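*Asks:* Please find one structure pasted underneath; my questions will follow.
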Protein chains: 2
Amino acid sequence: MRIAIAGAGAMGSKFGWHLKKAGNDVTLIDTWDRNIAAIRENGVVARVKDEEIAEKMPIYSPEEIDEQHESVDLLIVFTKSMQLENMLNSLKPIISKDTYVLCLLNGLGHEDVLERFVTRDHIIMGVTMWASMMTAPGHITFANDNGNVEIQCLDPKGKDETQKIVKILTDAGLNASYSENVMYSIWRKACVNGVVNALCALLDADCKQFGHTKEADELTRNIVQEFADVAQYEGVNLDRKEVIEHVESLFDTPHYPSMHQDLVQNNRPTEIDYIDGAVWRKGLKHSVATPYCAFITRLIHAKEDILNVK
Amino acid sequence: MRIAIAGAGAMGSKFGWHLKKAGNDVTLIDTWDRNIAAIRENGVVARVKDEEIAEKMPIYSPEEIDEQHESVDLLIVFTKSMQLENMLNSLKPIISKDTYVLCLLNGLGHEDVLERFVTRDHIIMGVTMWASMMTAPGHITFANDNGNVEIQCLDPKGKDETQKIVKILTDAGLNASYSENVMYSIWRKACVNGVVNALCALLDADCKQFGHTKEADELTRNIVQEFADVAQYEGVNLDRKEVIEHVESLFDTPHYPSMHQDLVQNNRPTEIDYIDGAVWRKGLKHSVATPYCAFITRLIHAKEDILNVK
C-alpha cells in the first residue's frame, strides 16, 4: 500500500517506522529541515530496548510535493492541529479521489478541515494510545508498549476499505481495531488533554504534581462537565463518571504532557484552540456556557504571549 | 494617642514609623522573630532618599501581649488576611470597649471578623494607596510618595472619633481623608488584586507582561464583571467602566504584585480566599454565578499545593 505520513514528529515517525518495517511503501512529509536532513541520511532510527534500528524511507518538505509525485492510497495526518490545513493544501498533488485520509491528531473539529479535501467516505477518524518521544532529529524512542489505534470511517460506505487499513496497521504491530463510535473516543481523549495537558502547562506541573493537589478532582469534574455538555450537542454522549475516572487514572504518572512540552519547555504555540478552545467555540454555537474552557483558553494564550511564543 | 499596629511588615512598619515620628505612642506587634529582634535593636529603619532614618518603638509577639499591657485608643490591623482572626484573639488584653480598630488589609469580608471583637461604631474600614517594601528585617523603603488613606466608620456614630484619627494620620504625613463610601474603594481595590495580583501569580508575570497580552482586556472585563455582580448584593454599585480603566492603568508598570511575591517568589500562602475566593463565596450566598473567580481560586490553591506552600 502506498502510504504517506504528514508530520514526522515522534508519532508520525513511529507509525512510518512500523509501516515501512512491515513492507509498505511509506513516504514521510515534514516541515522541520533538520529532521528531514537526518532522516534522509540515516532513515528513522528507533531505539528498541537497547538496540537502534533504522528504517530508510523517502521524506519531503510540503513544498517539494508536486504533480510528479504519485497519489497515495492512504494519507495519515499527524501534524500539529494548527498545521493541518496548510499541510493538506500542499499535499493536494498526492491526494486523489481514491485516497483515504486517516486523522490521528489530538483535538476536536479536524473532520471539518478534512472535508474540504476529501469526501466523507474517505475520511477516517482515529485515536491512538501509542506514545513516542523524539530524542533528536530522526531519532525516536517508544514510550509505551501496550498502545492501540481505534479508527472509523465517517461514512459507513468507507467501512470495508477502512477495515483493510485496520489490518495493515495491525500487521505492522500497531494493534488497530475498527470502532463503531470513534467520536466518543476522540472526545474522551480530548477530555484528558483539556484537563491534564492544559492545566499542567498552565501550572508548570507534571501529571502527578497536578493530580496530587487538593483541587485536581473538582477542576477535572468542572472541565469534563463542560466537555460533556457540548459533546451532547455534537451527538456524543460522554459517560462523565467513566471519563473522569479515565482522566484521574493518569494522576499517578510523573509525566509532562505535550502541551507542557510545547509551551513551557520549548516555547512553542499550543493546541489549546483545538481542545478547550474548540469546546468553548462549539459551546457558543450551541448556546452552552463553557466559562472554564473559555478561561483556560485565554490563560494559555496569555501565557503564550508572556513567553513570546510565535 | 496610644496606637498599636498589628502586623509590622512593609506597610505596618511604614505606618508605625510615620506615626511615631509625629509623636504618637506607638507599639508594634508582629509574628516574625527576626523582624522583632531587628526592630528591638535598631527600631524601624526607613530609607528616605539616600538617608536611613530609625524610629525606635516597642515591639511584641502576639504571645507576649497580656493583661499587664494597657488597652490602646487605636489598633491598626495590617496582618495578612488569614492571620487577622488569630491576631485579634491574642490582642484581646489591649482591646477595650473604647478601642477603635482600623482595618487597612487588602481583600473582602474582614469586617465580619472584626465584629467579633468590637462594636460596629468602633470598626473603621479603610483602604490605602501607599506602598512600601521590606528590604530586610526591620528595614523598609517607600515605594511611592503620593499615597493616601481613605477611612470610614462602619456606624455613623463613630464618625467624629474617626475624623480625629484622620487628623492624626494626616499630621503624620499619611494624607488621610474621611470617606462616605469606603466599601466602594475597598471593592475597587479588590478588583485590582483579583485581576492583576491573581493572574500575575498564576502566569508568573509582572503587571506589564500580563497587561500586554492580547487576552488581558477580556480577562479583566470578565473578572470585574463578576466582582460587580456580587458587590451589588452587598450594597456596593461598582462603576465597571471606571474600575476596568483603573485596573488597566496598572498595565504599564513592570511591577510584581504582592501575590506573585508571596506565591512565586517566596512560596508563601496567598490571600486568594479573601479576594477572588471571597467573591466566589459571597456569590454562592447570593446565587450569583462566579465561574472565573471560582476557577482562579482553585488554580491558585493548586499552585500552592504544587509549590508545597505551607
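The values are calculated or read from the model by the stated rules, or taken from the named source; none is laboratory data. What you see is a predicted model, and the numbers here were worked out from it, not measured in a lab. Cβ placement follows ideal geometry from the backbone for every residue including glycine, while neighbour counts extend to all protein chains displayed. For accessibility, only protein heavy atoms count, side chains too; no ligands or nucleic acids. Shrake-Rupley method; radii C 1.70, N 1.55, O 1.52, S 1.80 Å.
*Asks:* Under the condition of being β-branched (V, I, T) and without any contact (Cβ under 8 Å) to a residue 60 or more places away in the chain, which residue from the range A:53-94 is farthest from A:K167 (Cα to Cα)?
*Replies:* Only one residue tops the list, namely A:I65.
*Asks:* Looking at the range B:160-182, can you tell me whether even one residue there is more than 14 Å from chain A (Cβ to nearest Cβ) and touching a Lys or Arg at 6+ places or on another chain (Cβ under 6 Å)?
*Replies:* No, that holds for no residue.
*Asks:* May I pose another question? Given the structure, is A:D305 in contact (Cβ under 8 Å) with a residue 60 or more places away in the chain and open to solvent by 10 Å² or more (accessible area, probe 1.4 Å)?
*Replies:* It is false that A:D305 is in contact (Cβ under 8 Å) with a residue 60 or more places away in the chain and open to solvent by 10 Å² or more (accessible area, probe 1.4 Å).
*Asks:* For A:C153, state whether it is within 14 Å of another protein chain (Cβ to nearest Cβ) and not charged (D, E, K, R).
*Replies:* no
*Asks:* In the range A:282-310, what count of residues is obtained for those that are facing chain B (nearest Cβ under 9 Å), more than 24 Å from the chain's Cα centre (by Cα) and either at pLDDT below 95 or farther than 22 Å from B:C207 by Cβ (or both)?
*Replies:* Residues in the range A:282-310 being facing chain B (nearest Cβ under 9 Å), more than 24 Å from the chain's Cα centre (by Cα) and either at pLDDT below 95 or farther than 22 Å from B:C207 by Cβ (or both): 2 in total.
*Asks:* Here's something else I'd like to know. Restricting the search to the range B:6-25, which residues are part of a helix (DSSP H, G or I) and either touching a residue at least 60 places away in the same chain (Cβ under 8 Å) or within 17 Å of the chain's Cα centre (by Cα) (or both)?
*Replies:* Selection gives B:A10, B:M11, B:G12, B:S13, B:K14, B:F15, B:G16, B:W17, B:H18, B:L19, B:K21.
*Asks:* Quick test of your reading of the structure: B:L88 fulfils all but one of (1) outside any loop (DSSP other than H, G, I, E, B); (2) closer than 29 Å to B:N146 by Cα; (3) open to solvent by less than 60 Å² (accessible area, probe 1.4 Å). Name the failing condition by number.
*Replies:* If we test B:L88 against (1) outside any loop (DSSP other than H, G, I, E, B); (2) closer than 29 Å to B:N146 by Cα; (3) open to solvent by less than 60 Å² (accessible area, probe 1.4 Å), just (2) comes out false.
Condition check ((1) among the hydroxyl-bearing types (S, T, Y); (2) under 18 Å from the mean Cα position of the chain (by Cα); (3) at pLDDT below 95) across all residues:
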{"position": "A:V166", "(1), (2), (3)": "no, yes, no"}
{"position": "A:L174", "(1), (2), (3)": "no, yes, no"}
{"position": "A:S177", "(1), (2), (3)": "yes, yes, no"}
{"position": "A:V192", "(1), (2), (3)": "no, yes, no"}
{"position": "A:T220", "(1), (2), (3)": "yes, no, no"}
{"position": "A:A231", "(1), (2), (3)": "no, no, no"}
{"position": "A:V236", "(1), (2), (3)": "no, no, no"}
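*Asks:* While we're here: For the range A:87-117, how many residues are of a type in the set (A, V, I, L, M) and out of contact with any helix residue (DSSP H, G or I) (no Cβ under 9 Å at 6 or more places or on another chain)?
*Replies:* 1
*Asks:* Could I ask something else about it? Go through the range B:14-33 residue by residue and tally those that are surrounded by 21 or more Cβ atoms within 10 Å (Cβ to Cβ) and in contact with a Gly (Cβ under 8 Å, 6 or more places away or on another chain).
*Replies:* So the count comes out to 5.
*Asks:* Moving on to the next point. Quick check, is A:H255 within 19 Å of the chain's Cα centre (by Cα), open to solvent by 20 Å² or more (accessible area, probe 1.4 Å) and free of Cβ contacts under 8 Å to residues at least 60 places away in the same chain?
*Replies:* Here the answer is yes, as A:H255 does meet what is asked.
*Asks:* Can you pull out the residues in the range B:53-67 that are within 18 Å of B:A172 (Cα to Cα) and surrounded by fewer than 18 Cβ atoms within 10 Å (Cβ to Cβ)?
*Replies:* Passing the criteria: B:I53, B:A54, B:K56.
*Asks:* Got a number for residues in the range A:262-271 being assigned to a helix (DSSP H, G or I) and either touching a residue at least 40 places away in the same chain (Cβ under 8 Å) or buried (at least 17 other Cβ atoms within 10 Å of the Cβ) (or both)?
*Replies:* Here the count works out to 3.
*Asks:* It is to be established whether one or more residues within the range B:259-275 are of a type outside the set (F, W, Y), at pLDDT 95 or above, out of contact with any His (no Cβ under 9 Å at 6 or more places or on another chain) and closer than 19 Å to A:I296 by Cα.
*Replies:* No, the range B:259-275 contains no residue that is of a type outside the set (F, W, Y), at pLDDT 95 or above, out of contact with any His (no Cβ under 9 Å at 6 or more places or on another chain) and closer than 19 Å to A:I296 by Cα.
*Asks:* Tell me, yes or no, whether the range B:243-256 has at least one residue that is farther than 19 Å from B:M129 by Cβ and either in a helix (DSSP H, G or I) or more than 14 Å from chain A (Cβ to nearest Cβ) (or both).
*Replies:* Checking the range B:243-256: not a single residue is farther than 19 Å from B:M129 by Cβ and either in a helix (DSSP H, G or I) or more than 14 Å from chain A (Cβ to nearest Cβ) (or both).
*Asks:* Assess whether B:L28 counts as being part of a helix (DSSP H, G or I) and either in contact (Cβ under 8 Å) with a residue 60 or more places away in the chain or within 19 Å of the chain's Cα centre (by Cα) (or both).
*Replies:* In short, no.
*Asks:* Checking the condition crowded, with 24+ Cβ neighbours inside 10 Å, of a type in the set (V, I, T) and more than 19 Å from A:M82 (Cβ to Cβ), which residue from A:V44, A:V48 passes?
*Replies:* Of the residues listed, the single one that is crowded, with 24+ Cβ neighbours inside 10 Å, of a type in the set (V, I, T) and more than 19 Å from A:M82 (Cβ to Cβ) is A:V44.
*Asks:* Given the structure, is A:E52 part of a helix (DSSP H, G or I) and of a type in the set (D, E, K, R)?
*Replies:* Answer is no for this residue.
*Asks:* What number of residues in the range A:272-302 are among the acidic types (D, E) and either surrounded by 24 or more Cβ atoms within 10 Å (Cβ to Cβ) or without any contact (Cβ under 8 Å) to a residue 24 or more places away in the chain (or both)?
*Replies:* 1
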